[in-house]
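Working notes, beginning with the structure itself.
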Amino acid sequence: DKGNHRHFMEKEIYEQPEVISHALSHYVDFHSHEVKPVDAAIDFKSLRGLAVSACGTAYLSGLVGKYWFERYARLPVEIDVASEFRYREMPLSKDQAALFISQSGETADTLASLRYCHEAGLKIGAIVNVKESTIAREADAVFPILAGPEIGVASTKAFTCQLAVLASLSIAAGKARGTISAEEEKQLVKNLAEMPRIMSQVLNAIQPQMEALARDLSKFKDVLYLGRGTSYPLAMEGALKLKEISYIHAEGYAAGELKHGPIALIDENMPVIVIAPHDRFFDKTVSNMQEVAARGGRIIFITDEKGAAASKLETMATIVLPNVAEIISPMVFSLPIQLLAYHTAVFMGTDVDQPRNLAKSVTVE
Ligand code: F6R
């Protein structure tokens, strides 16, 4: 049932504050602001590394997770798309654990990677939405994302719930490993607890602007997304969302890679969507944006209040989100990215919930 929404995708975008709150309540205590104990099968304290694998959007959530595990838990993360991971013959050791991320829990390559790590004797954690799935059954520890059924083929709420779970687990890992203090833990959990309310506000505030901007975006054939730090996987996720449902060609790049190739493509026919909260990377990203502007590129700038105040560049559009804590910015900044792809596809008249050539669950290699 789509309720009063035109598509399941739209419904699922607007459900995010509620489902994320539900997901978080499974991993953190909203009163004491502590993380809840993690399934003992994954002993973060003794681990030397984490091997992470997934496909598509789930892989991109894992890539954000890598930044968090490395930063908060000082835990090295090896991550790859499942179709490569399983054939790489990478050296694995039993002091690593393996983490697989899958909405459906049935993706063939992810399952094969899981079995490969199981053979190698690693403990297996599974971040899944469907708890009765094969991947969940074969894992030593299951971390549910509790997003509820996701019907739209383009993943939205599963992505942000995966992020919420990964953020919580990275704090739990940091606590177990003694790499964050009790005070830092409390602050991070407080930040997570504020997220559902902030997401609701943002969804309501930006909708009209996203719809209007989508009209402009639908006239282009190519779009480039740029970001640094955790905004880099978000840039790739933005490009993936746009290409799968609107069929506009889009690419996501690390902003610092611009001058190593993609800058050759910049002209007035390829808008550049820059994802840049006012974080420690902001100035660097702005200098990449200047390089785009200097070559006649049109910029869609997705930033926060501080970022908007700090940049004087002329843009095609500037989307201003509230200033939020660094740990929640990937979830908050997912919202304009999802809405922009959604409204562009609606405007172009594509089959939003069932884009051509795609299946919700990919059970063949
Ligand atoms: C993109 C999308 C796909 C899936 C991928 C993995 O919007 O939905 O890229 O993320 O096929 O699927 P799961 O998470 O079920 O393993």
Margin query: Looking at segment 70-81 only, could you name the residues that are closer than 22 Å to A41 by Cα and either part of a helix (DSSP H, G or I) or out of contact with any strand residue (DSSP E or B) (no Cβ under 7 Å at 6 or more places or on another chain) (or both)?
Written below: E70, Y72, A73, R74
Item checked: Odd one out for C117 among (1) more than 13 Å from the ligand (Cβ to nearest atom); (2) buried (at least 21 other Cβ atoms within 10 Å of the Cβ); (3) assigned to a strand (DSSP E or B) -> (3)
Next item on the list: From the list H31, H26, pick out the single residue that is open to solvent by 50 Å² or more (accessible area, probe 1.4 Å) and not in a helix (DSSP H, G or I).
Entry: H31
Notebook entry, point to check: In segment 70-93, how many are closer than 11 Å to C55 by Cα and acidic (D, E)?
Noted result: 2
Margin query: Just to check your reading of the model, which residue among K66, K36, K45, K11 is at pLDDT 95 or above and within 16 Å of the chain's Cα centre (by Cα)?
Written below: K66
Checklist line | Filter result for the condition that a residue is more than 17 Å from the chain's Cα centre (by Cα) and open to solvent by 30 Å² or more (accessible area, probe 1.4 Å), over Y59, Y87 | finding: Y87
Notebook entry, point to check: Among the listed residues V128, V52, which satisfies the condition of being within 14 Å of the ligand (Cβ to nearest atom), under 23 Å from the mean Cα position of the chain (by Cα), under 24 Å from S231 (Cβ atoms) and buried (at least 22 other Cβ atoms within 10 Å of the Cβ)?
Noted result: V52
Notebook entry, point to check: Scanning for something more than 13 Å from the ligand (Cβ to nearest atom), closer than 20 Å to G227 by Cβ and part of a helix (DSSP H, G or I), does segment 82-93 turn up at least one residue?
Noted result: no
Margin query: If I filter segment 348-360 for residues that are within 16 Å of the ligand (Cβ to nearest atom), open to solvent by 60 Å² or more (accessible area, probe 1.4 Å) and of a type in the set (K, R), do I get at least one hit?
Written below: yes
Next item on the list: Out of the residues in segment 142-163 that are among the small types (G, A, S) and surrounded by 24 or more Cβ atoms within 10 Å (Cβ to Cβ), state the one that is farthest from the ligand (Cβ to nearest atom).
Entry: A147
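The values are calculated or read from the model by the stated rules, or taken from the named source; none is laboratory data. Owing to the predicted nature of the structure, the values given are computational and were not obtained by experimental measurement. Neighbour counts are summed over all protein chains in view; Cβ atoms, including those assigned to glycine, are modelled from backbone coordinates with ideal geometry. The accessibility values were calculated without ligands, DNA or RNA, using every heavy atom of the protein model including side chains. Shrake-Rupley method; radii C 1.70, N 1.55, O 1.52, S 1.80 Å.
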